[in-house]
Amino acid sequence: MNGKRVNFFALFWGVAALLYFFVPLYGTFDFSLRMERGVLGFKAYELVFADPRFWQGFRYSITMAVITIGISVSMFVPTVYWMYLKVPKARPVMDVITILPFIIPSIVLVFGLIRTFSRPPLQLTLRPWTTDILIVAGYIIISMPYMFRAVDVGMRSIDVRTLTEAAQSLGSSWFEVLKDIIIPNLRLAILGGALISFATVMGELILADFLVRPALGPYMVQMGLTKAYEPAALAIISYSLTWFSLGLLQFFSNRSEGQKQYVIEE
Amino acid sequence: MTHLELTHIKKSYGSTVAVEDFSITVEQGEFVSFLGPSGCGKTTTLRMVAGFELPNSGTIKLNSNDLTFIPPNQRNVGMVFQSYALFPNMTVSQNVGYGLKIAKKKKPEINARVEEMLALIHMERFATRFPYQLSGGQQQRVALARALAIQPEILLLDEPLSALDAKIRLELRQEIRRIQQKLGITTIYVTHDQEEALSLSDRIVVMSHGKIEQIGTPFETYNFPKTRFVANFVGSLNTAEVEVVNPKQGTMNMNGILLEASEGLDGKSKGDNVMVAIRPERFSFASEGKKENVLDCQIENITFLGSVVRIQIRIGNAKFNMDTFNRPSLELPKIGDRAQVTCSRKAVLILSD
């Protein structure tokens, strides 16, 4: 009987939250389809996809996202592993450090980067590829809270210390432990961190705008200054990318859980 | 032949001393248990043998080679953990073969060894299963096979049965001993369970507060505890403080009741206070003709413990427990009855501090 009782309070807030989220999104989507008078169609999307600047921004952002994820993973996995193994007391400190990008606005970060690296001895803003180094460094910092937490949760789900000791007693070096035991068991956590970082980088505006790089974020803003329907289409495309990332995450985590549905036989 | 030798090992964490002046030699193929309560330093000592902890002083030698500061992955020591520590991303056979893969053995050799190990633990059918598809007992069997697959010089087991239920624990205990004897591998076993230590070991090292209290065979440890701690920790025990009457004759006075011991009073003088201990099972109801330590008592309580009946008796002012087998023919007294109990002179143990 209890299971069938409807919790009206929960239902009310659930519906309110859905409306709050979906109504503006639906409004944007609907608006993006009304470029041609009196007709619902994908004209705005066609124009966006036909614009070479969109593809340039898309390619650039994807490239930067992949590099960011690669460096973040290779930096955070060994660091968090080391922290768990050797300095577990440093965890609260890491918690504070990794939450800083939420507290310090991106604008402060980008001005800091520009002021520090636009003058000797490390003048990185002179060439596009050196500016890209700066932008990747910025992206790593912005995505740090997500990546750290994802890896941290993954590490918490396994007995890092005992697994490491078990592998060492079988002759493994540190590198082999990380490669054969720790990383394979953190696959899902790393994937989660990577996909959220990907979504963050793909929609990032401030860093790319101030460092004058052709990323997707600044392109969307520039479109918004002169066009009406295309920015709405771009917003929907951007949302779709994020959802696609989250969907992938959900798919892999469900698959991993599904694998564990076996009967234990004595 | 001495296989493993620990000499004057000391380990401290800040001002806390975990292990102090720990020395032991273990023979090839011997099964030695470190027994003691939580925090007595038994696991720390084992971890120093494995290389996961470094001693502050002292040496650890295996086959006369100094291992003290050798990293754990270069010691060729197999370790089984309380929490199994199977690699979740690997199947049973991959787990068992992992050490051999790391040692860069050829695939046919690895496969043959894995099959051999799975046959040893009777788990051939489970080769392709993942750890989460196995019960606790099965996981610990695989962990044992994994540790043995690399043909280690020495096998270390850190409370391997603690996380298992009673029935599986008993089965696996016998399995561990069978495999150890079959392979003749030198084994160090850490446990706080006296029954495990007594049933498995060739020798037991009883530890307390980081120090060795006694090293001996299970028979010696149980029947002739050297210290009050060992006597209390290994098996249940009755203790009482008595006054020495005649050290040569082994007579003592327990609140006006005369008690005799066969040995242990050397160096004691008349009037000295000593602590005596008597195991509950060494008491029996006195029959006619018994002359050693015949004591008047009153029955205070009777408790059935399955195969054993525990009778609480009062001798003078002191309360003692007496254990007797639960036979169908057993005629038990009633609570409040007066009776006579006896124990041999040998059963009266004189304890040092």
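The values are calculated or read from the model by the stated rules, or taken from the named source; none is laboratory data. Model, not experiment: these values are computed from the prediction. Don't worry about glycine lacking a Cβ; one is built from the backbone with ideal geometry, like all the others, and counts go over all protein chains shown.
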Quiz item: Pairs under 6 Å by beta carbon, first residue at the interface with chain B (Cβ under 10 Å from one of its Cβ atoms) in the range A:163-191, partner part of a helix (DSSP H, G or I) and of a type in the set (Phe, Trp, Tyr), six or more apart or different chains?
Solution: A:Leu170/B:Tyr98; A:Ile182/A:Tyr81
Quiz item: Checking B:Glu171 against (1) in contact with a Gly (Cβ under 8 Å, 6 or more places away or on another chain); (2) crowded, with 19+ Cβ neighbours inside 10 Å; (3) not polar (S, T, N, Q), which single condition isn't satisfied?
Solution: (2)
Exercise. Could you grab me the full set of residues in the range A:29-44 that are outside any loop (DSSP other than H, G, I, E, B) and under 16 Å from A:Gly224 (Cβ atoms)?
Key: A:Phe31, A:Ser32, A:Ala44
Practice problem: Mind listing whichever residues of the range B:113-159 are surrounded by 22 or more Cβ atoms within 10 Å (Cβ to Cβ), facing chain A (nearest Cβ under 8 Å) and over 26 Å from B:Gly36 (Cβ atoms)? | Solution: B:Leu134, B:Gln138, B:Arg146, B:Ile150
Quiz item: Taking the range A:38-63 as the region of interest, how many residues are at pLDDT 90 or above and of a type in the set (Gly, Ala, Ser)?
Solution: 4
Quiz item: Which of the strands (runs of 3 or more DSSP E) contained wholly in the range B:266-353 include at least 2 residues that are of a type in the set (S, T, N, Q)?
Solution: B:294-304, B:318-325, B:338-342
Quiz item: Give me the pairs: first residue in the range B:168-192 and over 24 Å from B:Thr45 (Cα atoms), second residue assigned to a helix (DSSP H, G or I) and not hydrophobic (A, V, I, L, M, F, W, C), beta-carbon distance under 6 Å, and six or more apart or on different chains, which are they?
Solution: B:Ile168/B:Gly137
Practice problem: Report, by residue number, each residue of the range B:304-321 that is loosely packed, with under 15 Cβ neighbours inside 10 Å and within 26 Å of the chain's Cα centre (by Cα). | Solution: B:Phe304, B:Leu305, B:Gly306, B:Ser307, B:Val308
Exercise. Kindly check whether there is at least one residue in the range A:85-99 that is at pLDDT below 90 and among the hydrophobic types (A, V, I, L, M, F, W, C).
Key: no
Quiz item: Hey, any hits in the range A:138-155 for a residue that's within 14 Å of chain B (Cβ to nearest Cβ) and either on the phi < 0 side of the Ramachandran plot or under 11 Å from the mean Cα position of the chain (by Cα) (or both)?
Solution: yes
Quiz item: Which of the residues that make up the range B:96-112 are part of a helix (DSSP H, G or I), facing chain A (nearest Cβ under 10 Å) and loosely packed, with under 13 Cβ neighbours inside 10 Å?
Solution: none
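Could you please give the count of residues in the range A:118-129 that are modelled with pLDDT under 90 and under 17 Å from A:Met64 (Cβ atoms)? Quick ask: steps written out before the conclusion?
In the first step, residues of the range A:118-129 are kept if they are modelled with pLDDT under 90; the result is A:118-128.
This time we only want the ones that are under 17 Å from A:Met64 (Cβ atoms), so: A:124-125, A:127-128.
Residues meeting the conditions: 4.
Which count do you get for residues in the range B:19-30 that are assigned to a strand (DSSP E or B) and surrounded by fewer than 23 Cβ atoms within 10 Å (Cβ to Cβ)?
Residues flagged as assigned to a strand (DSSP E or B) and surrounded by fewer than 23 Cβ atoms within 10 Å (Cβ to Cβ) within the range B:19-30 amount to 7.
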Practice problem: Can you give me the number of residues within the range B:56-97 that are at pLDDT 95 or above, among the hydroxyl-bearing types (Ser, Thr, Tyr) and in contact with a helix residue (DSSP H, G or I) (Cβ under 7 Å, 6 or more places away or on another chain)? | Solution: 1
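Taking the range B:227-256 as the region of interest, how many residues are hydroxyl-bearing (Ser, Thr, Tyr) and closer than 17 Å to B:Leu295 by Cα? Show your work before the answer.
The first filter runs over the range B:227-256 and keeps only residues hydroxyl-bearing (Ser, Thr, Tyr), leaving B:227, B:236, B:239, B:251.
Still in the running and closer than 17 Å to B:Leu295 by Cα: B:239, B:251.
So the answer is 2.
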Quiz item: What's the number of the condition B:Pro88 fails, among (1) of a type outside the set (Ser, Thr, Tyr); (2) more than 8 Å from every other protein chain (Cβ to nearest Cβ); (3) out of contact with any Leu (no Cβ under 6 Å at 6 or more places or on another chain)?
Solution: (2)
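Across the range A:178-195, what is the total count of residues that are at pLDDT 90 or above and within 13 Å of A:Val153 (Cβ to Cβ)?
We begin by selecting, within the range A:178-195, every residue at pLDDT 90 or above; these are A:178-186, A:189-190, A:193-194.
Filter again for within 13 Å of A:Val153 (Cβ to Cβ), leaving A:185-186, A:189-190, A:193.
Total meeting the criteria: 5.
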Practice problem: Just name the residue that is nearest to the chain's Cα centre (by Cα) out of those in the range B:39-70 that are in a helix (DSSP H, G or I) and either more than 26 Å from B:Gln194 (Cα to Cα) or of a type in the set (Lys, Arg) (or both). | Solution: B:Lys42
Quiz item: Restricting attention to the range B:244-281, which residues are hydroxyl-bearing (Ser, Thr, Tyr) and more than 19 Å from B:Lys226 (Cα to Cα)?
Solution: B:Thr251, B:Ser269
